[in-house]
1. Just name the residue that is farthest from the other protein chains (Cβ to nearest Cβ) out of those in segment A:201-219 that are farther than 20 Å from A:GLY68 by Cβ and polar (S, T, N, Q).
2. Scan segment B:148-172 and report the pairs whose first residue is more than 9 Å from chain A (Cβ to nearest Cβ) and whose second residue is part of a helix (DSSP H, G or I) and open to solvent by 50 Å² or more (accessible area, probe 1.4 Å), with Cβ atoms within less than 7 Å and a gap of 6+ or a chain change.
3. Out of (1) open to solvent by 20 Å² or more (accessible area, probe 1.4 Å); (2) touching a helix residue (DSSP H, G or I) at 6+ places or on another chain (Cβ under 7 Å); (3) away from chain A (no Cβ under 14 Å), what's the single condition that is false for B:GLU264?
4. Given the options A:SER176, A:SER164, A:SER96, name the one that is open to solvent by less than 50 Å² (accessible area, probe 1.4 Å), away from every other protein chain (no Cβ under 13 Å) and among the polar types (S, T, N, Q).
5. How many of the residues in segment A:466-498 are basic (Lys, Arg) and either on the phi > 0 side of the Ramachandran plot or open to solvent by 30 Å² or more (accessible area, probe 1.4 Å) (or both)?
6. Residues in segment A:191-200: is at least one free of Cβ contacts under 8 Å to residues at least 40 places away in the same chain and within 14 Å of chain B (Cβ to nearest Cβ)?
7. Just to be sure I understand, how many residues within segment A:358-385 are open to solvent by 80 Å² or more (accessible area, probe 1.4 Å), part of a loop (DSSP other than H, G, I, E, B) and within 15 Å of A:GLY337 (Cα to Cα)?
8. Can you name every residue in segment A:15-57 that is among the hydroxyl-bearing types (Ser, Thr, Tyr) and over 30 Å from A:VAL194 (Cβ atoms)?
Amino acid sequence: MLARHSLATRLALVSLLTIATIFFISTGAVYTMIRGILLENAEAQSRELVRATANQILISLNEVAGVGQHMAIHLQIGAYQPDDLFPMLDETVRGSRIISGANVSYEPFAAFPDRQYFGPFSYQTPEGIARMNLGGRGYDTFTRDWYQIPALTGRPYWTEPFPSAVDSNRLIVVYSVPFFDAEGALQGVIALDVELRSLVSIVDDVEIFDTGYAFLLSPTGRLITYPHEEWVMRESIFSLAQTLELPALRELGRQMQRTREAFLPLPTGILDEGARLYYLRLPELEWSLGVVIPERELFASIQRVISAILIIGSAGFLLLLLAIILISRGITRPLKGLVSSAEEIARGNLDRALPTIKTQDEIGDLSRSFDDMRRSLKDYINDLTQTTAAKERIESELKIARNIQMSFLPKRLALEGRQLPVDLHAELLSAKAVGGDLYDFFPMDDGRRLFFAIGDVSDKGVPAALFMAVTKTLVKGFAEQSPNPGEMLYRVNNELCLNNDSGMFVTYLCGVLDLTTGEMEFANAGHNPPLIARANGQHEWLKLPPGLVLGAMDDIEFPVSKVQLGPGDALMLYTDGVTEASNPQQELYGEDALEKLYARIKNHSAKAQVDAVFKAVEAHANGAEQSDDITALVLRYRPQPKG
Amino acid sequence: MKLSQQRILGCLLALLLSWVPLGASAQTFSLQLQWVPQAQFAGYYVAYDKGWYADAGLNVRILPHGPEFSPTRLMADGYVDIGVFNLGEALQLVDSGIAIVNIHQFKQTSSLVLVAMADAGILVPEDLDGLRVSRWTSFAAQPDALFSLYGIRPQVFDQGASMAILTSGAVDVAMATRYNEMVQLYLNGLEREDLIVLPLANHGVNMPEDGIYVRLREWEEREDALRKFVEISRRGWQYAFENPDYAVETVIWRAQEAGHETNEAHQRLMLSVLRDFYLDESGRLHEGQLNPNDYRLAWELLRGQGMVRGEQIPDFNHFNRR
């Protein structure tokens, strides 16, 4: 299909595809890079935020811890007596922004020998600071985490959030510090209540992006703050993982319990959209503070950048498309002109002028070359027309020449309606329109004798034909006057040698058969020996007397040989066009092949023998061009039986 | 403190209300459960919410329950008709002269375990020697018996309701039930491989839990109605295990009513752990018959710990009224 599209379309298609590929790859790269940068920024931003928030929480908590440890020291050095604690506890609650209750609980019977539970407790109420003694039946101080864990470990302890004993609607976390007597024996535990609300508000105030939020997890993974109100203090990251069937969330929870901080994708299933989480584990308290940033918002700016890139890119594409169309039009318009001119020229109209192209580019060059070609072609065709006309004329003349030449050759042997006692047939097949071979036969002495001959002029074509005509005419003229063939050849040769400037010559074999006696005289001027077949079935190459070709040298003798023919004896004369006919492999037909052929056909009629020879030569040539004239003459002596 | 007092007052008010006769033919029972509303009692809630008790002519009142309310104490004091508690606690009541009987025993095996963090390196009970071990005083019989049985002397501490005592490292070993605290630890992010668990029942100190107990006089007077109560409760349990969604929903509703924060994951896991204790391989409830051997073993464990003083083991057939 593409191949059928115009050059302009292909150019536009390939360029745009290439540029689109580059464009999308680079846009993808830009996207990935910006995304990475945004993630780094988000990480930095959330780290800052989380650390700042954590610091705010830690400042508050450190204040509490400071108060607790201060109290522990005072209790250990005996600065306060058990029955004198309330004023100090009241002051602690009143003087702190975030401590909502202060309590000193003594080990059983440690404060007073008769008091198992002694725990003076001052706490904030809307009406002011209230006092009570914590512990007793229904509230077993000693198995409460806030008491028992620091008591057993000897270290301060932050509890999980739990409802206050004095108001179950108030969630508190307790910081508790053990204190000891001089011997190091545990005396009791100081417990300072911090209302969760005051810590939570710090976290709730955190704002990150438009819909990002912060949350707080207790050491057991409980949600202390979270945007879903119904989850707060009820669900933990692990219970949610269980209910929502999110093993990845459980893994996250475990990771948050075990590593200090990280920035990672929030497992899917918690929010409806992809989000990033940054968390930090608060030291000592072991709470995890996290911020969640929806990726949609995080990557909103990328969407804008990418949209802008796409719009600019699309506009660029259109512009580019336009430019490509214009350029390719510029290229193809003159080409189209050239194409239509070329078609016109192809139809033969070489006079059609080419459209003028002024540009100095390849198209201009092409157009100019094309015009040169048109002009050369035109000249060439003019020449060709003239040459062809000349050639046609020559051919027509040659045709006439051939007709004339053929008319020289005798058609049949006849003497005023009398049948001569021979079966004779001869044929000539020219290599060119006008051949150089010849044959001849005619009766002499009123039919008592028969003259026959075969010859081959040294060249072919018109000069050969003319030479042949001359030879034939001379033979005809001298035959009757000469006593024998040798004498005749002597005369003809001398005539031919006269004015033979062209240096042409002819091989010639001729014989005179006495039709009454069968005696045959023959002379040879350089021609191939003929085959002779006897009526008794024998055949042989006829031995020829020596003799030079005619026309080469004057005044030379042509000895005469004689041979007696019996009834039925036959001769075959041929030119070297037969034996030297070659096939495409340049192999000659050869005299052996001719002799073998002759052995098979020698009893056939003269015409049949000539046909057979021609057929055999044609078969041998096997399509190769005929290079020489082919001529054969067969003669069989058939005297009338006497009596 | 104040909270507990309020709750007890509320409880008493509920008791008073429950005594108001509702109908001439209806049998009224007050039911005291052992701990806060949770899946441990799902069968009773389901039977109640489905109205099956009422349909059977039983006016069952499920009393407020939780750590403030000791079923054995309330039963001893005559405030409740039906109590759900442990065999050990029941035998202690009997030993103290309160004539109560076991009318059904759902759980044959104790779900109590001793649990430690994996790095405590405890493999066998002997490894507990010298370690800090906490246990609930009301369930002290089994662990204490275990210590005697293996001749070990850990430092023993009383344990509260939270597992922070273990996770904070305050003690090496704490006590837990499979269905509640073990689930709690799992939901605190601890995996099975983070913990070492010694099931008490596997170490010769089994004591069946969550039996249904009534005073002997009650049984003698209202045996038919109590048998009906047991039958309906069984139906409730069967339904709860077959319809955990419904059961968990009703448990959570009750927990919220009682102001006790819990979540679906916890209750659902609890119910699934209880399945193994309540149901046989075919998914049917166990027969509910107290095993005389478990009975004898429990008495001996208690006696060995000095938690009962009677010279003679009370007659099993007298105690067991299934």
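The values are calculated or read from the model by the stated rules, or taken from the named source; none is laboratory data. Keep in mind that what you see is a predicted model, and the values were worked out from it rather than measured. Virtual Cβ from ideal backbone geometry, glycine too; neighbours counted across all protein chains shown. All accessible areas refer to the heavy atoms of the entire protein, side chains included, with ligands and DNA or RNA removed. Shrake-Rupley method; radii C 1.70, N 1.55, O 1.52, S 1.80 Å.
1. The qualifying residue farthest from the other protein chains (Cβ to nearest Cβ) is A:THR211.
2. Partner pairs satisfying both residue conditions: B:SER148/B:GLY304; B:TYR150/B:GLU126; B:ILE152/B:GLU126.
3. Only one criterion is unmet by B:GLU264, namely (3).
4. Checking each option against the conditions leaves just A:SER96.
5. Residues that pass the stated criteria total 2.
6. Yes, segment A:191-200 contains a residue that is free of Cβ contacts under 8 Å to residues at least 40 places away in the same chain and within 14 Å of chain B (Cβ to nearest Cβ).
7. Final tally of qualifying residues: 1.
8. A:SER15, A:THR18, A:THR21, A:SER26, A:THR27, A:TYR31, A:THR32
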